[in-house]
Amino acid sequence: MTDEAILREQFLAQLGASVRDGSFVRLTLGKPRGADATLRNLFARPVEVRGAPHLSLVWRHERQDITKNFPPEDALTTLAPLIGADFHSAHLFTTTRLAQLEYNKKGEPRLTYGPAGEEKPDPAHDRPKQRLLTGESQPWLQALGVTTSTGSVREGMADKHRQIHKFVEILSHLAADAALPSHRPLEIADMGCGKGYLTFATSDYFNLVAARAAHVRGIEARPELVELCNRLARETGRARLSFLPGTIESAAFATLDVLIALHACDTATDDAIAKGVQAGAALIVVAPCCQKELRAQLHPAPVLAPALAHGIFAERHAEFATDALRALLLEWAGYDTKVFEFISTEHTAKNIMIAATKRAGPARTEADARKVRELAAFYGVKTQALARQLYFDLGQ
Ligand SMILES: C[S@@+](CC[C@H](N)C(=O)[O-])C[C@H]1O[C@@H](n2cnc3c(N)ncnc32)[C@H](O)[C@@H]1O
């Protein structure tokens, strides 16, 4: 066995021993080197599942966390091949010390030790999912009818509760990747904010959880909702949170760093994206719905006609064509764009999210323009709301 393999084996032996003798506190794997480019970290900690000891493994991806619980020996079998291969950094925290296995650029490991400094966690019960919003968010969650006065989720509001927390989790990942300014408070707009669930959540995430001062503005066409939300913002002491009556189309911002528009119907999503692009927002997050604009224009290949005679396929098809064009237009406008499921379709059908982070590289290249035009030509799309507002010629 080489010296390098010996160090890795020593680390694995210490990991195994700590899990078996109960001194294991947690394990953090970093410096990902595996095939999955979205994977950032893997965290392991002890938990009890139905009274039996387990290890909870959390795969932290760019946009989401995937958690699986394993019996201890299975967890060790899962972790061992990843250390030194998929991850080039491993920190093992036990009640007695910290062991760090770090690989350099040549792939050579170094094993070092430090003091413990960690309390043993209490795995006595299945812990509730770690939420980013804290008890400080309870006043508005209660006032908006999501939770009761004791903090439990109100009947019928479980999906909304889940959606709020999932949104904050996604936002935390997106914000970490976006080139947000650090020298001044962030300027954030939530367009078509409705009752303000996600606007309050965004404000609390930045101002309270991430400790980044942020002015958050909700824009909403219905004045009664604006009034309700402004009153609630005042009553709960959210000085940096405000709601403005008006349409997305007429909203104007001197500075805008983050643009959010979830479930703004049909072309209201395009209006919101256009505002974000025009203001040079570093991060644009939309979850489109009711993609009607293109339905009458779509002329896909004749081979698809019998399938598209089914209403649901025609609807999905229009959603796809619309959101694909939006994503490509954002790429052309200088954004790196990701499209992913926001929450499972089990909870809502409106679950596609388009997240765009402004890149430092070139924008409006001919190569990106060609991708947009080719997709529009494929579907016979001659005009589209976002293209119009970005003065992009679809070339038909
Ligand atoms: C389906 S709700 C979504 C609310 C919130 N964004 C969410 O996801 O929980 C859509 C909201 O957008 C508002 N809205 C739709 N079109 C708008 C527009 N053009 N300008 C401003 N508000 C708009 C509606 O009044 C409604 O309250």
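The values are calculated or read from the model by the stated rules, or taken from the named source; none is laboratory data. Every value quoted in this text rests on a predicted model; they were computed, and no experiment measured them. Cβ placement follows ideal geometry from the backbone for every residue including glycine, while neighbour counts extend to all protein chains displayed.
Highlighted here are the helices (runs of 4 or more DSSP H) found entirely within segment 306-396 that include at least 2 residues which are exposed (fewer than 13 other Cβ atoms within 10 Å of the Cβ) and assigned by TED's automatic domain parsing to the domain that holds residue 282: 311-332, 366-379. Note on segment 254-265: residues that are surrounded by 21 or more Cβ atoms within 10 Å (Cβ to Cβ) and either away from the ligand (no atom under 15 Å from the Cβ) or at pLDDT 95 or above (or both) amount to 7. Being within 11 Å of the ligand (Cβ to nearest atom) and either under 16 Å from residue 142 (Cβ atoms) or without any contact (Cβ under 8 Å) to a residue 24 or more places away in the chain (or both) is the filter here, so list the residues in segment 227-253 that pass it. Correct list: 229, 249, 250.
What about residue 173, is it outside any loop (DSSP other than H, G, I, E, B) and either among the β-branched types (Val, Ile, Thr) or within 16 Å of the ligand (Cβ to nearest atom) (or both)? No: the conditions fail for residue 173. Residues that are within 16 Å of the ligand (Cβ to nearest atom) and either over 23 Å from residue 279 (Cβ atoms) or among the polar types (S, T, N, Q) (or both) within segment 208-226 comprise 222, 223, 224, 225, listed in sequence order.
A count restricted to segment 277-335 and to residues that are touching a Pro at 6+ places or on another chain (Cβ under 9 Å), in contact (Cβ under 8 Å) with a residue 24 or more places away in the chain and not hydroxyl-bearing (Ser, Thr, Tyr) stands at 6.
Within segment 12-28, the set of residues being closer than 22 Å to residue 60 by Cα and either modelled with pLDDT of 95 or more or outside any strand (DSSP E or B) (or both) comprises 12, 15, 19.
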